[in-house]
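Before any comments, here is the structure.
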Amino acid sequence: MSACSRASSASRSWVLALALLLPGAGLAASAARTQPVVPPPSASQKVDELGEVVISAAKPTRKPSTILSWMRRLLGQFAYSGYVDLHGQGNPEDLRIVTGIGDCVGFGVAPGVQCEIKVTWPETRGPDGEEIFGGVSNLSPAMILYGFEPDDLGIRYLLVDSEGVAEGGVGLITGDTFMSREPCAGTPNCQRVMRTYARPDGKVIQMQIDFEKDGKRLVGFTFLLNRVSQAQAPAEESSQARPVPARPPGRGPPRGPLQVPSGGGRRR
């Protein structure tokens, strides 16, 4: 099977899995009510943005056990903060403070991580009331899926927003940072750059999603995730993962532990 065929097949599989995991994901969210614009974050509130992953002499890891160890850091419940940069240029008047929550659990045999999130920021529209890129939250609710990618020895992710629009790709782990660069959905000459830095202790995760067109950043999302629950975050182990605790009744399908697939994936 060609690389294009594998990618197409993998994409269809992820969309099918998402349809099973998230009934009603394709239903459009109700129109958000206009909210007052809050002051931009102060210097103490601002988060240092994640630059390109350039570490001297460091290369992306190709070890399944290391990749899965990183994925386990995502498990748990988190409080979201941070900001949206509406025009991507860092101007204080364009920054909107973010608030929200997220809950990530393990699922499937692949293995994978499923995150249900509700993230909002004050609604902002153009001079005539028109929507602007990033001005209205499309992440309340939303879902992010992460799965081990054995062919590329990386991580495949899929983000489905509150309007049912899905964007995803495959990225690699360098140090403690996951990075993926993929074409934007439905926007020519646009790239979506996703970076996620997860500390080894699992207490803090930083996620940055930038949309760039013709070398210029159109909008930037900088999220800081602070853990509020350890229930779904087992301690890291070098050899294998511990089982993820079962979820209470009525909280969705059962999920399994993150385990290294047999064979260890394709070697390069």
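The values are calculated or read from the model by the stated rules, or taken from the named source; none is laboratory data. Nothing here was measured: the structure is a model prediction, and the numbers come from that model. Neighbour counts are summed over all protein chains in view; Cβ atoms, including those assigned to glycine, are modelled from backbone coordinates with ideal geometry.
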| message | Regarding the stretch 180-197, can at least one residue be identified that is in contact (Cβ under 8 Å) with a residue 60 or more places away in the chain and in contact with a Lys or Arg (Cβ under 9 Å, 6 or more places away or on another chain)? | response | no
| note | In the stretch 112-170, anything more than 17 Å from the chain's Cα centre (by Cα) and closer than 26 Å to Pro64 by Cβ is listed as Pro150, Asp151, Asp152, Leu153
| request: Tell me which of these Arg266 doesn't satisfy, since it passes every other one: (1) surrounded by fewer than 16 Cβ atoms within 10 Å (Cβ to Cβ); (2) modelled with pLDDT of 50 or more; (3) more than 15 Å from Asp103 (Cα to Cα). | output: (2)
| task | Would you be able to say whether some residue in the stretch 55-63 is over 21 Å from Leu224 (Cβ atoms) and in contact with a Pro (Cβ under 7 Å, 6 or more places away or on another chain)? | result | no
| Looking at Ala233, is it within 20 Å of Ile155 (Cα to Cα), surrounded by 17 or more Cβ atoms within 10 Å (Cβ to Cβ), at pLDDT below 95 and under 20 Å from the mean Cα position of the chain (by Cα)? | yes
| Among the residues of the stretch 183-205, is there at least one that is of a type in the set (Phe, Trp, Tyr) and either over 17 Å from Gln89 (Cβ atoms) or crowded, with 21+ Cβ neighbours inside 10 Å (or both)? | yes
